[in-house]
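Data first, discussion second: the structure below is written as structure tokens.
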Amino acid sequence: MGSFAIKQIENLSQRNVFYRQIFEDIEAFDRLLAEGAIEKEDQTFGVEQELCFINHLGEPKNVALQVLEQLKEPQYTNELALFNMEINLDPQSLNGTGIQKMANQLYNLTEKARKAAQKVDSDIFLAGILPTITSENLTFDSMTPIDRYKVLSQELLKLRGKKFEIFLQGVDDLHVKLDTILFEACNTSFQMHLQINPDRFAHYYNWSQLISGPLLAICTNSPLLFGKELWSENRIALFKQSLDTRIHYNHYREKVSRVYFGDQWLRESPSYLWKNEVARFPLVFRGEGFPSAKDEMAKGLKPGLRSVRLHTGTTYTWNRLCYGVDRNQAHIRIECRYIPAGPTLKDEMANLVFWLGLMKAAKYQEDDFFEKINFSSVKNNFYKAARYGILSELDFFGKNLQAVTLSEETLIPLASKALKEEGMDPGLVDKHLKVISDRIHKSQTGATWMIDNHRKLLSRFKPSLISKILVTTSLEYQKKDVPVSEWQPIIEDKLHYFFQQHFEALTAKDVMSNKIQTISSEATVAFAFYIMEWQDFRHLVVEDGKDRFIGLVCRSDIEKHKDSEDPIIQFIHEGVKLVETTTPLTEIQDYLDNNSDKAVIVISDQKTVGIITDNDL
């Protein structure tokens, strides 16, 4: 979609014209398929690497435009947010050492990106979701200033009719709203492509759906969002909800999200996938200046099919049909979009080899293999893998197996056999699949490493500070290209040192307690005292009926009146210091040094989001 000129749809006539262009594209695609005019070669693969830019604290940094200005190479391109970038690698062949050529280019281009980022006091980071992202990073100031992103955000919001809403449940709960599509910008992926013989597309597409859950379970790397421990791979749920335009929730009416896994096996032509998306999802915008598919074919050219590709670019299937033309040769691919970026380049290359091997293992399956499997179980596997990662139990051809057992005993040998038969260098196959095996033997993915350290440190430190040490420690491993199976636990002394070293750069959100006990302004003094006594609190926040901050009550002020039925609002402490989440810790420390018996209240949009006392420092 990034290479297409887009326009808002201003009237019914423009909408109908663009629909006619889409219909023409699909008819042309069907004709190409019927005439055998699409390449049957199935050895070519490709990769798209998404990444984040971070500052010295591991927080997002909006430097993409400055970095791209330095690089000025076609492989690098912008993403939705200014703290993200994408690298498009050259296609390679499966046979021989094509995988090594891909790895060489990936390492070379990421190192160039790192050096460019360092010139603007930044660095690059690989993660499915950057743990340090906060709501402050998801404003229009962080959106890449390109018309298509603004139009996309406005039109999807118009279709939805209200703010985008995220509700996720895991160990913690998360419920937040946003009036742009920038929740999508939290997600960074390692997207893999494989060219497919059109005569065998349905077979390979169905197989790609089947292996999605087992593969994802071994590759999860996005367990934290806004300091909350949720799913093992939060990208799956976050992306679905971040672009969800559905507004009818009557349980009798079934509507599909624009981000979806699918609901049935493919039994028809590849074009069915596009037809389904045109039928199900309203247009978001239109293209401008696209050549007619009929005219291109009349000239002996393979059509670009830009109209239908533009529309399907506003929907998101985790296994996607892609069409392209190179030197007047048309081809189709399956793109795997559910694998997160990171934890290291070595891990990513292993994930790529594992996926390619599993995809090629489709040749061992009977043509009707999918008829023996209920599609709902495959879909269930995918979401179980996203929730529980490497600890998942999955249904594979009717057998319930642990994800690690399934991969170790069945899928890795299958992938190895298929790739070696395809002509990939056996030494390279073994080298990369060993990274997967080591991950399985240690039961350690990027997600489990983050969760284990997050839980251990949470008893002593606040989520915001923990997320920074997770990122900066991960960055050290990334620069050394140490696979995640070899990452060690973070010791508390390291976080203490980080806190002291960067104290002047830290802010209120890094130390505030966000599990706040509040009471209504209508509560009595006796009620407030008992709450503070039971919970061993020195302070209690008083709010109105709309959760807005009114004041603070100190235990020392009401001890002599602990049995009083008077309204607590009479004892609200005056002179309470209010700060924002971005207020420097140095300012807060200065205040508490001179007011050790008081507390600092952290406010956002007139509502209490945190409290800081001298104990927190």
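Express the accessible area of segment 1-60 per residue in Å², computed with a 1.4 Å probe while the remaining protein chains stay in the model.
Normalised by residue count, the accessible surface of segment 1-60 is 46 Å².
Please go through segment 249-344 and write out the GluC sites (Glu not before Pro) that DSSP classes as loop and that have at most 14 other C-beta atoms within 10 Å.
Those satisfying the criteria are 254, 268, 288.
Report the FRET efficiency, 1/(1 + (r/R0)^6), for residue 288 and residue 325, where r is their Cβ-Cβ distance and R0 is 25 Å, rounded to 0.05.
E(calc), rounded to 0.05, equals 0.80.
Which whole-number percent gives the relative contact order of the chain, counting Cα pairs below 8 Å spaced six or more residues apart?
This gives 15 percent for the chain.
Note down the net charge around residue 61, summing +1 for each Lys or Arg and -1 for each Asp or Glu among other residues with Cβ under 11 Å from its Cβ.
Combined, the nearby Lys, Arg, Asp and Glu give -3.
Once you have the Cα-Cα distance between residue 501 and residue 172, take 0.36 nm times their residue separation minus that, and quote the gain in nm to one decimal.
Taking residue 501 through residue 172 to full extension adds about 115.4 nm, to one decimal.
In whole Å, how far is the Cα centre of segment 370-415 from that of segment 172-206?
19
What's the extension gain from residue 267 to residue 570 if we count 0.36 nm per residue and subtract their Cα-Cα distance?
Length difference between fully extended and current span is 101.9 nm.
For the Cα atoms of the chain, what angle does the longest principal axis make with the long axis of helix 271-280, in degrees from 0 to 90, nearest 10?
Taking the Cα atoms of the chain, the angle to 271-280 is about 40 degrees.
Using label points projected 7 Å from each Cα along Cα→Cβ, tell me how many nm separate residue 73 and residue 530, to one decimal.
That separation, rounded to one decimal, is 6.9 nm.
Could you tally the net charge around residue 520, taking each other residue with its Cβ under 9 Å from the Cβ of residue 520, Lys/Arg +1 and Asp/Glu -1?
-3
Per residue, how large is the accessible surface of segment 407-558? Use a 1.4 angstrom probe and give square angstrom.
46
Ignoring ligands, DNA and RNA, what percent of the 1.4 Å accessible area of the chain is carbon and sulfur?
Ligands and nucleic acids excluded, carbon and sulfur give 46 percent.
Looking at segment 498-617 only, what percent of DSSP beta bridges run antiparallel? Nearest 5 please.
So the antiparallel bridges in segment 498-617 amount to around 70 percent.
Taking the Cα centroid of segment 295-361 and of segment 514-551, what is the distance between the two, rounded to the nearest whole Å?
55
Could you tell me the calculated FRET efficiency between residue 482 and residue 65, based on Cβ-Cβ distance and R0 = 35 angstrom, to the nearest 0.05?
For residue 482 and residue 65, the calculated efficiency is 0.65.
With a 1.4 Å probe and all protein chains left in place, how much accessible area per residue does segment 247-336 have, in Å²?
47
Evaluate E = 1/(1 + (r/R0)^6) for residue 547 and residue 380, where r is the Cβ-Cβ distance and R0 equals 25 Å; express this FRET efficiency to the nearest 0.05.
After rounding, the FRET efficiency stands at 0.10.
I want the local charge near residue 40. Using Cβ-Cβ distances under 12 Å, sum +1 for each Lys or Arg and -1 for each Asp or Glu among the other residues.
Neighbour charge sum, excluding residue 40 itself: -3.
Under the 0.36 nm per residue contour assumption, what length would be gained going from the current alpha-carbon distance of residue 604 and residue 135 to full extension?
167.8 nm
Distance between the C-alpha centers of segment 454-478 and segment 87-159? Whole Å please.
Between the Cα centre of segment 454-478 and that of segment 87-159, the gap is 23 Å.
Between residue 147 and residue 443, how many nm apart are label points set 7 Å from Cα along the C-beta direction?
So the two model labels end up 5.5 nm from each other.
Over 31 Å between Cα atoms, which of 163/399; 112/431; 112/275; 72/275; 302/372; 240/462 qualify?
163/399; 112/275; 72/275; 302/372
The values are calculated or read from the model by the stated rules, or taken from the named source; none is laboratory data. Note that this is a predicted model, so its numbers are computed, not measured. Quick reminder, even Gly has a Cβ in these numbers, built from the backbone with ideal geometry, and neighbours come from all protein chains shown. The area values use the complete protein model at the heavy-atom level, side chains included, leaving out ligands, DNA and RNA. Shrake-Rupley method; radii C 1.70, N 1.55, O 1.52, S 1.80 Å.
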